[in-house]
1. Go through (1) surrounded by fewer than 24 Cβ atoms within 10 Å (Cβ to Cβ); (2) under 18 Å from A:VAL24 (Cα atoms) one by one and return the number of the condition A:LYS108 breaks.
2. Does the range A:140-160 contain any residue that is closer than 30 Å to B:LYS148 by Cβ, of a type outside the set (Lys, Arg), in a helix (DSSP H, G or I) and within 14 Å of another protein chain (Cβ to nearest Cβ)?
3. Are any residues in the range A:24-43 touching a residue at least 40 places away in the same chain (Cβ under 8 Å) and away from chain B (no Cβ under 13 Å), and if so, which ones?
4. Please enumerate the residues belonging to the range B:23-52 that are away from chain A (no Cβ under 14 Å), touching a residue at least 12 places away in the same chain (Cβ under 8 Å) and at positive phi.
5. Residues in the range B:140-151: is at least one among the polar types (S, T, N, Q), in a helix (DSSP H, G or I), at pLDDT 90 or above and out of contact with any Ser or Thr (no Cβ under 6 Å at 6 or more places or on another chain)?
6. Checking the structure you have, find out if any residue of the range B:32-44 is hydroxyl-bearing (Ser, Thr, Tyr), under 23 Å from B:GLU84 (Cα atoms) and outside any strand (DSSP E or B).
7. Considering each residue of the range A:176-206, count those that are of a type in the set (Ser, Thr, Tyr) and touching a Pro at 6+ places or on another chain (Cβ under 7 Å), and give that number.
8. Is at least one residue of the range A:5-22 over 14 Å from the mean Cα position of the chain (by Cα), of a type outside the set (Phe, Trp, Tyr) and within 13 Å of another protein chain (Cβ to nearest Cβ)?
Amino acid sequence: MTNKEFKRPDGRKIDEIRPMSAKVGVVPNADGSAIFKFGETIAIAAVYGPRKMHPQHSQNPEKGTLRCNYNMISFSVTDRIRPGPSRRSTEISKITEWALEPVVMLEKYANMVVDVHINILQANASTRCAGINAAAMALAHAGIPMKDMVSSVSIGKLDKQLVVDVNKYEEDWEEGEGATDIPISLTSNEEITHFQLDGKITKEELKKALKLAKKARKEIYEVQKKALKELPGVEK
Amino acid sequence: MTHRKIVIPGESIAKGNDFLPGEETEKRGEEIFALRYGLAEETNKLVKVIPLSGVYNPRRGNVVIGKVELITFGGWVIDIGVAENAFLSLTEVPKFVNKDGLDEVMDIGDMVVLKIAAINKRGIDATIKGRGLGRIDEGMIVNVNPNKVPRIIGKEGSMINLIKDETKCNITVGQNGLIWIKGDKIEEELFAKKAILFVTEKSFATGLTDEIKKWFEQEKKNDK
């Protein structure tokens, strides 16, 4: 990339993801659940359904509905945030729905709804990506028919340097051109289901960012796959 | 038994045109992909995925256990644990029912064993014509994961018959994961419940029936 000697504040390589870990079946009352961590960012997702959509006027007789709810717990950040829905959380809920909708197959579940509740237990940037990763695993764990898995990663541009999986310190980068945040979600076919951009970037750099995301996706997918296959007493 | 392995949605299970895509799978080009999280199995070149989780998917002919939710003019609306409620029509009751006395046959809140007669766009139609079907008067209901029901029943009912013999209880397993246990003594019913919960816990083990046999011997020794 542009600068070979670029040092990230936490000593990571430019294409290094924070240590990831994942587990399914963490919410006993849900039909499916998963926890996903990007270092200090922890997301927990619970799936309920398919069940009948209420109120009746929101039912879709053609296919089932996917309903996501993203929520940051009040103690997830250093300054306590006011609990309850906010402009930001409603927006991310909708984004998560759009990121997952292309893969879930709800044709057979007319008039029904699948609820996905994502809670951020601890936030250190990339929360929406951790949320999407956890949600995709929870949906699979709930036995919802899916075309593919979805893995999400955030690419950042700190001044002129592209990096993978930004943390809070890097997100607030102020030197040079400042920070640009690009969360990307991909299926295992490398098809894009979600792509956001907050900041300034050139076309060439964006292409490089996508390339980095595709590489990181493989690592995330392996973590998701491993967690889903970890079941006691079954041969792998 | 063929080789089984856990697959996740979008994972390739088999390659080549020799294989046929079965339940919960899809063919894309030359490869067969899983569409659901579960165990992949291949028998006679037919590849399918057996779900490990998820809500109960009602099918025609299934025996299920439900709870009466509502009494209408023509019958009962019964909750069987799925999005769509089952409807039990008056004509599907094998005895004479007075139109004003539907609640005397089955009241709201009663548990009932029923069979799914038909599934159509309007909903699920149920019947209680048949042996072992009808209102539950006494006993115990245990709720388990519906995906574990095949293991509780076992091959040709081997598991459930073993539990029935060992506990001297009458057991009806609903495909929706509700199990009705009826014994002479509470202790026997509780013992049967314990056995069933043990089966659900160990549902991944191979040679499960033998393991349950051992478990029964152990339990009996502990009793003495």
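The values are calculated or read from the model by the stated rules, or taken from the named source; none is laboratory data. All values derive from a computational prediction rather than experimental measurement. Cβ atoms come from the backbone with ideal geometry, glycine included; neighbour counts cover every protein chain shown.
1. For A:LYS108, the exception is condition (2).
2. Looking for residues that are closer than 30 Å to B:LYS148 by Cβ, of a type outside the set (Lys, Arg), in a helix (DSSP H, G or I) and within 14 Å of another protein chain (Cβ to nearest Cβ), one finds at least one in the range A:140-160, hence yes.
3. Step one: filter the range A:24-43 for residues touching a residue at least 40 places away in the same chain (Cβ under 8 Å), giving A:24-25, A:30-43.
The answer is A:ILE35, A:PHE36, A:LYS37, A:PHE38, A:GLY39, A:GLU40, A:THR41, A:ILE42, A:ALA43.
4. Residues of the range B:23-52 away from chain A (no Cβ under 14 Å): B:30, B:42-47.
Still in the running and touching a residue at least 12 places away in the same chain (Cβ under 8 Å): B:30, B:42-43, B:45-47.
Hit for the range B:23-52 is B:LYS45, nothing else.
5. No - not one qualifying residue is present in the range B:140-151.
6. So far as the range B:32-44 goes, no, none of its residues is hydroxyl-bearing (Ser, Thr, Tyr), under 23 Å from B:GLU84 (Cα atoms) and outside any strand (DSSP E or B).
7. 1
8. Within the range A:5-22 (the criterion being over 14 Å from the mean Cα position of the chain (by Cα), of a type outside the set (Phe, Trp, Tyr) and within 13 Å of another protein chain (Cβ to nearest Cβ)), the answer is no, since none of the residues qualifies.
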